[in-house]
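Beneath this line is the structure, given in structure tokens, with notes to follow.
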């Protein structure tokens with residue numbers, strides 16, 4: 001938190017004090033973990049959740065941060081017990097897949113510094129709570145994807161500690177003794193080691209040098225080592241046996257990104273194919289559905305298509321759209337030609353692949369935060385920044401989300417998008433990860449992590465506290481939650497909406513006269529359909545947009561309208577408005 005205004009500092013300190021008595025310590029010694037050096041064959045005795053029940057599917061993923069969503073055991077940390085208690089929140093919203101933040105025992109609250117890949121953090125409720133949550137989610141037709149962090153481990157992971165103290169086998173699990181000029185090289189100094197007082201070994205640093213792409217507390221695995229890949233495949237088999245429906249692979253673009261890392265034995269596509277084959281060995285044995293595999297990719301998604309196949313066989317199912325159209329972009333329009341290009345690119349790569357766009361995630365600025373700074377022109381140093389959203393800003397979020405749901409895609413809704421959370425990075429990454437604010441105070445979360453960074457790792461409700469209680473927000477007459485629920489019902493009943501198929505999109509020029517065709521999306525089952533969905537919107541760039549009458553070739557019915565104005569000549573779309581029609585060929 002650098003260069004904050006006096007008001008921002010006072011605001012932050014005030015919120016810390018308000019939450020002080022309720023803040024849970026992630027590092028509390030009551031939360032232990034089991035040390036595991038070998039993950040091979042652990043899948044054999046892995047418990048199994050109840051299988052997934054099939055319901056109509058919307059094809060929408062909801063990314064949830066377990067630690068901040070809902071506390072189910074009254075310790076101040078969000079957990080799988082609380083998440084299980086809130087499953088109807090997702091059912092009523094209409095999402096059918098939950099993407100969980102990392103569930104493993106970890107050094108840090110966010111979970112990306114893994115201590116044991118085949119267990120569940122006690123802070124999150126432990127393995128029993130996970131099995132109960134997964135079974136209950138499956139009972140309601142909800143798939144569950146977990147986050148696998150295979151680029152690096154925690155500094156505290158038993159593998160790395162063995163490596164530091166000259167266990168030759170485990171030293172080869174990491175990237176030691178690399179080119180001194182590599183900018184990702186870290187040193188096991190005494191000052192760094194003292195951050196981890198619970199380690200069994202002496203506190204003095206070894207001064208060994210190793211690759212840590214993100215920071216010294218997350219040493220990179222040597223993914224060119226066959227023994228490491230075997231361990232990762234065994235981990236994948238473990239969670240597949242339990243019944244997890246899919247996997248997100250964190251930071252896979254960094255697998256071999258450091259200058260001194262080699263690819264003599266493996267590359268990314270080959271690794272993912274081996275992971276898929278590991279899962280397939282389990283799903284075939286136990287008659288389970290094939291898992292869904294998605295890689296985190298925050299650059300241009302066109303550059304990642306090569307990772308979806310290996311020797312003409314599927315590796316990853318897909319990757320994130322790294323933000324070309326939405327993340328940090330307040331103008332989210334994607335015109336017909338661009339949509340066609342995207343669909344054709346995915347189809348050409350793999351007929352089973354799908355586009356996965358999103359507005360934001362746990363590592364990015366909130367979309368509304370960007371909108372407020374770039375469109376509302378609110379200074380991050382001003383008191384105005386902290387006093388709540390305008391109706392215009394909420395309307396902008398509605399239009400962006402509605403457009404996301406009309407795309408030929410499997411989009412991700414980041415937790416609390418439906419509530420208009422507008423967290424800011426001025427309070428560092430934890431500021432982007434504010435807890436939900438439930439009516440039952442016992443369900444609310446507040447966390448501090450003292451081991452790594454006591455001043456900055458505070459996860460608590462701050463700026464978005466102006467939003468109000470979750471239950472009150474979603475029950476407002478025209479809430480965004482209700483809009484998403486309606487759209488997901490439409491997606492459930494029109495299955496083509498979730499397909500990344502060029503045959504499901506149409507040139508809007510053939511259906512309507514409009515000032516701006518990039519603000520019109522037309523979808524149908526195929527090119528010969530008799531029924532179509534036409535979505536038109538106006539964002540913040542224009543005070544008004546005119547859309548002429550629907551072509552006389554079609555009957556039309558309004559399915560959803562927000563601030564759109566019907567006229568004899570057609571429709572006027574004021575700033576941040578939209579309309580959705582069902583068209584039927586005459």
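Since every read-out is calculated from the coordinates, none of them should be taken as a lab result. Note that the structure is predicted; figures quoted are calculated from it, not measured. With ideal geometry, Cβ positions are generated from the backbone for all residues, glycine too; neighbour counts draw on all protein chains shown.
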Taking every DSSP beta bridge that has both residues in the chain, what percent is antiparallel when rounded to the nearest 5? 65
The simple spin-label model distance between residue 265 and residue 302, using points 7 Å out along Cα→Cβ, in nm, is 3.6
How high is the relative contact order of the stretch 158-211, in percent, with contacts defined as C-alpha pairs under 8 Å that are six or more residues apart? 37
Taking Kirkwood radius over Cα pairs in Å as the quantity of interest, determine which of (1) 25.1; (2) 29.7; (3) 30.6 was computed from the displayed structure. (1)
Sorted by Cβ neighbour density within 10 Å, fewest at the top, the residues 124, 65: 65, 124
Mind ranking 160-169, 397-406 by how tightly packed they are, going by the mean number of other C-beta atoms within 10 angstrom, highest first? 397-406, 160-169
Per-residue Cβ contact counts at 10 Å, fewest first, order 64, 459, 291 as 291, 64, 459
Extension length gain for residue 442 and residue 471 (0.36 nm per residue less Cα distance), in nm, is 9.0 nm
Suppose R0 equals 25 Å. What FRET efficiency, 1/(1 + (r/R0)^6) with r the Cβ-Cβ distance, do residue 285 and residue 55 give to the nearest 0.05? 0.45
With only helices counted (DSSP H, runs n ≥ 4, each -39500 (n - 2.57)), the per-residue ellipticity at 222 nm for the chain, to the nearest 500, works out to -7500 deg cm²/dmol
Quote the relative contact order of the stretch 79-225 in percent (integer), defining contacts as alpha-carbon pairs under 8 Å separated by 6+ residues. 21
Share antiparallel - DSSP beta bridges, the stretch 179-327, percent rounded to 5: 45
Checking the a/c ratio against 1.5 first, then a/b against b/c, what shape does the Cα gyration tensor give for the stretch 158-211? oblate
If you take the beta carbon distance between residue 207 and residue 586 as r and set R0 to 56 Å, what does 1/(1 + (r/R0)^6) give as a FRET efficiency, to the nearest 0.05? 0.10
Label model pair residue 528, residue 566: point-to-point distance (7 angstrom along the Cα→beta-carbon line) in nm is 3.4
Computed over the stretch 495-585, the relative contact order (Cα-Cα under 8 Å, seq sep at least six) in percent reads 28
Cα gyration tensor of the stretch 1-122, axes a ≥ b ≥ c as square roots of the eigenvalues: rounded (a/c below 1.5), prolate (a/b > b/c) or oblate? oblate
Among 48, 487, which comes first, then next, by fewest other beta-carbon atoms within 10 Å? 48, 487
Taking 0.36 nm per intervening residue step and subtracting the Cα-Cα distance, what contour gain separates residue 41 from residue 28 on full extension? 1.6 nm
